[in-house]
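One structure below.
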Amino acid sequence: MSLKAKALYTFQSENKEEISIQENEELVIFDENSVDGWLQGENSRGQRGLFPASYVEVIRPRSNSNLTDYSTSPAGSPGNESSYFPSAPHTPFHMRQSFDDDDDDDWDDWDDSSTVVEDEDPRRGVGANGHAHHQSGNPNVHYRPHKPHMERQDSISSSRKGSMVGRNLNRFSSFVRSGVEAFVLGDVPMMAKIAESYTIEMGAWGPQWKESPQPFSCSIEDPTKQTKFKGIKTYISYRVTPSHTGRPVYRRYKHFDWLYNRLLHKFTVISVPHLPEKQATGRLEEDFIEKRKRRLILWMDHMTSHPVLSQYEGFEHFLMCADDKQWKLGKRRAEKDEMVGAHFMLTFQIPNEHQDLQDVEERVDSFKSFAKKMDDSVLQLGHVASELVRKHLGGFRKEFQKLGNAFQSISQAFTLDPPHCSDSLNAAISHTGRTYENIGEMFAEQPKYDLFQMLDKLSLYQGLLANFPDIIHLQKGAFAKVKESQRMSDEGKMDQEEADGVRKRCRTVGFALQAEMNHFHRRREVDFREMMQAYLRQQIAFYQRVGQQLERTLHMYDNL
C-alpha cells in the first residue's frame, strides 16, 4: 500500500538503484517497511528507487484519538520506529540510522546481552549533533582508574541553585539534550570524585587543548573479504595498527560505527568527524572498498591528531583489544560510561585567565560566519571536483578517442593511393592517433591519483563543519542563561552568588568551544596545505607524462 511522505533532508543518489530527493519534497512510499534502513518509492519527478528511511517522514492523518506523547520515547521517537523529531537539519546521510549490510547482523560475535537500555530523559537521549544516545548509568563505574582522581571544582551546595533561571521549553533542543543546560544551571548530581580530566590551556591564539603526552598515528590496511554462517554472510575486515603498540587488530566497519556513536554520545562540544558514507548496493565492489579504506584512513588520522578524542578510553580499547572476552567487557564499560552529557563538562580543567564573555561571544560569532562560508566553499569545490571526475571518466576520454580515431582515418585514407603513399608519414599519423587514444585513457585514470584524494578530504571537512552549528548552539544557549541570570540578579530575584555560578560554568563551555575552534583551524591549515600540494604535484606529473607522449610522437615526423 502506497503512502505519502515528506523528505526531511536532501539526499543525492550515487548508484542507479537509488534516487535523489530534495528537502520538503513530496514522495510516495511503496512499502513502509524499510530494508536495511532503505525505503523504495517515487520522487516528485517520477523517478523510482531507493532512499534512506531516516531522511523522510511519513504523512499520516492525525486524530485526537491516536496522539502519542513522544517525549518519553527514547530519543524522542514514536515506538522506536522512525524519528518523529528529526536530528540536526543538515546531518549528512552517513550519520543516520545504520543500514549497511555489514552492520545489521545479530552481533553474535560481540555480546548480545550488553544491549543498553535507553535513558528516558530527553535531555540525555540525544547528543549535540542530533544523534540518539544509548546509555545506562552505573554510579560505580569510572573511567581511567590509572589516572589520579581530581576533586570536583564546582560542587552543588544547594538543591535550589540555578532553579530560578527558566528552563528551555523545547526539551528536544540540543542545548537541553546534550546536558549543557543542566551543567550551566548547576543541576548536575553531586559527584565526589571524577576519574578523568581534559586540560585546556592558553596558547598563542587563545584557549587550546593540551597536547597528548603520547601522540601516535594509526594505519588501516589490507581490506579483506571474510565470511560467516558458512558463507551466507560476507563482510570486509581491516587491519588496524597503532604506531605506539605496533600490534595489529582486525576491525569491521560496524566496529568503527560503534566507536563513532560512543564518541558522539560523550563528546558533545567536540566536532567528531563523520564516518565514510554507507551505500545500499555494491558494498563488496573493489572501487567502493578502496574508497571506504581511503576515507577511514583520513578519519583515523583526524582522530589520532585530536588531543581529547585520542585519549578516550573507548578509543584505546578499539585500537588495542584483540581478545574477544576483554572486548566485550570494554564494550560494556564504554556503554555504561557515567561521564557523558552534563557530567562530561565536569572533566574540563580550564585556565585561570579572565575572558570577557562578550569577547568570547564575538569570537564565536566570527567563527560561525567563517564556518558557514567555508562549508559553502567546500561544498562548491566538491561539486566542481565531482563534475571534473565525471568528465575525466567520460567526456575527456571520448573526445581524445574521437580525435585519435580521426587521425587513424586520415592515415588509412593515405594508403589508398600506393604510388603517392609515404609509409613513414602514414605510420607517424597512425601513431599520433594511438597517442591521443592513450591520452584519453590517461585522463580516465588520473582522478584516482588526485581528484579522488581531494574529494576524500573535502568529505571529511563537510562532516566536521556540519557539526559546528549544533556545537555553537550550545554556547549560545549558555550565553543566554548568563544574561538571564544577571538580569534576575539585578532585579533582586536571584542571589549574585548563583548568577556568578552560572557565569563561571558558562566560561567552561566557552573555553571548550574556543579550544575546539583553534584545533580545527590548526588541522585545517595542515590538511589543506597537504591536499593542495598533493593535487598540484599529481597534476604536474600527469601533464608531464602527456607532454612526453606528444614529444615522442612529434619526433616521428623528423626527417620524413
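The values are calculated or read from the model by the stated rules, or taken from the named source; none is laboratory data. Every value quoted in this text rests on a predicted model; they were computed, and no experiment measured them. Cβ: placed from backbone, ideal geometry, glycine included. Neighbour counts: every protein chain shown. Only protein heavy atoms, including side chains, enter the accessible area calculation; ligands, DNA and RNA are left aside. Shrake-Rupley method; radii C 1.70, N 1.55, O 1.52, S 1.80 Å.
Please go through segment 30-60 and give me each residue that is under 26 Å from Ala466 (Cβ atoms), outside any loop (DSSP other than H, G, I, E, B), of a type outside the set (Asp, Glu) and without any contact (Cβ under 8 Å) to a residue 60 or more places away in the chain, ordered by number.
Leu39, Gly41, Gly49, Phe51, Pro52, Ala53, Ser54, Tyr55, Val56, Val58
Just checking, how many residues over segment 175-203 are at pLDDT 90 or above, open to solvent by 60 Å² or more (accessible area, probe 1.4 Å) and either β-branched (Val, Ile, Thr) or not in a strand (DSSP E or B) (or both)?
0
Please go through segment 334-347 and pick out each residue that is touching a His at 6+ places or on another chain (Cβ under 8 Å) and either farther than 13 Å from Lys266 by Cα or β-branched (Val, Ile, Thr) (or both).
Val340 - this is the single residue of segment 334-347 that is touching a His at 6+ places or on another chain (Cβ under 8 Å) and either farther than 13 Å from Lys266 by Cα or β-branched (Val, Ile, Thr) (or both).
Just one of Arg524, Arg505, Arg487 is out of contact with any Cys (no Cβ under 7 Å at 6 or more places or on another chain), charged (D, E, K, R) and open to solvent by less than 10 Å² (accessible area, probe 1.4 Å); which is it?
Values: Arg524 fails: open to solvent by less than 10 Å² (accessible area, probe 1.4 Å); Arg487 fails: open to solvent by less than 10 Å² (accessible area, probe 1.4 Å).
Of the residues listed, the single one that is out of contact with any Cys (no Cβ under 7 Å at 6 or more places or on another chain), charged (D, E, K, R) and open to solvent by less than 10 Å² (accessible area, probe 1.4 Å) is Arg505.
Looking only at residues in segment 204-218 that are exposed (fewer than 15 other Cβ atoms within 10 Å of the Cβ) and not acidic (Asp, Glu), which one is farthest from His354 (Cα to Cα)?
My answer is Ser217.
Every residue in segment 15-29 that is open to solvent by less than 60 Å² (accessible area, probe 1.4 Å), of a type outside the set (A, V, I, L, M) and in a loop (DSSP other than H, G, I, E, B), please. Steps first, please.
Within segment 15-29, the first condition is being open to solvent by less than 60 Å² (accessible area, probe 1.4 Å), and the residues that meet it are 15, 18-21, 25, 27-29.
Of the ones still in play, those that are also of a type outside the set (A, V, I, L, M) are 15, 18, 20, 25.
Residues satisfying the conditions are Asn15, Ser20, Glu25.
Please identify the pairs in which a residue from segment 475-500 that is in contact (Cβ under 8 Å) with a residue 40 or more places away in the chain has its Cβ atom under 7 Å from the Cβ atom of a residue that is outside any helix (DSSP H, G or I) and buried (at least 19 other Cβ atoms within 10 Å of the Cβ), counting only partners at least 6 apart or on another chain.
The qualifying pairs are Lys481/Val165; Lys481/Leu185; Glu484/Val165; Ser485/Val165; Ser485/Met494; Met488/Val165; Met488/Met494; Glu498/Gly162.
From the list Gly477, Gly510, Gly492, Gly463, which residue is farther than 25 Å from Asp359 by Cα, among the small types (Gly, Ala, Ser) and part of a helix (DSSP H, G or I)?
Values: Gly477 fails: farther than 25 Å from Asp359 by Cα; Gly510 fails: farther than 25 Å from Asp359 by Cα; Gly492 fails: part of a helix (DSSP H, G or I).
Only one candidate qualifies: Gly463.
Answer yes or no: is there a residue in segment 250-272 that is closer than 30 Å to Glu14 by Cα, of a type outside the set (Lys, Arg) and either assigned to a strand (DSSP E or B) or more than 26 Å from the chain's Cα centre (by Cα) (or both).
Yes.
Looking at this structure, is Glu497 modelled with pLDDT of 90 or more, within 30 Å of Asn352 (Cα to Cα) and open to solvent by 60 Å² or more (accessible area, probe 1.4 Å)? Full working, then the answer.
Working: modelled with pLDDT of 90 or more: no; within 30 Å of Asn352 (Cα to Cα): yes; open to solvent by 60 Å² or more (accessible area, probe 1.4 Å): yes.
Considered against the rule, which asks whether it is modelled with pLDDT of 90 or more, within 30 Å of Asn352 (Cα to Cα) and open to solvent by 60 Å² or more (accessible area, probe 1.4 Å), Glu497 comes out as no.
Given the options Ile429, Ile350, Ile410, name the one that is within 20 Å of Ile270 (Cα to Cα) and surrounded by 13 or more Cβ atoms within 10 Å (Cβ to Cβ).
Ile350
Given the conditions (1) closer than 27 Å to Leu264 by Cα; (2) assigned to a loop (DSSP other than H, G, I, E, B), and given that Asp376 satisfies all but one, which numbered condition is not satisfied?
So Asp376 meets the others, but not (2).
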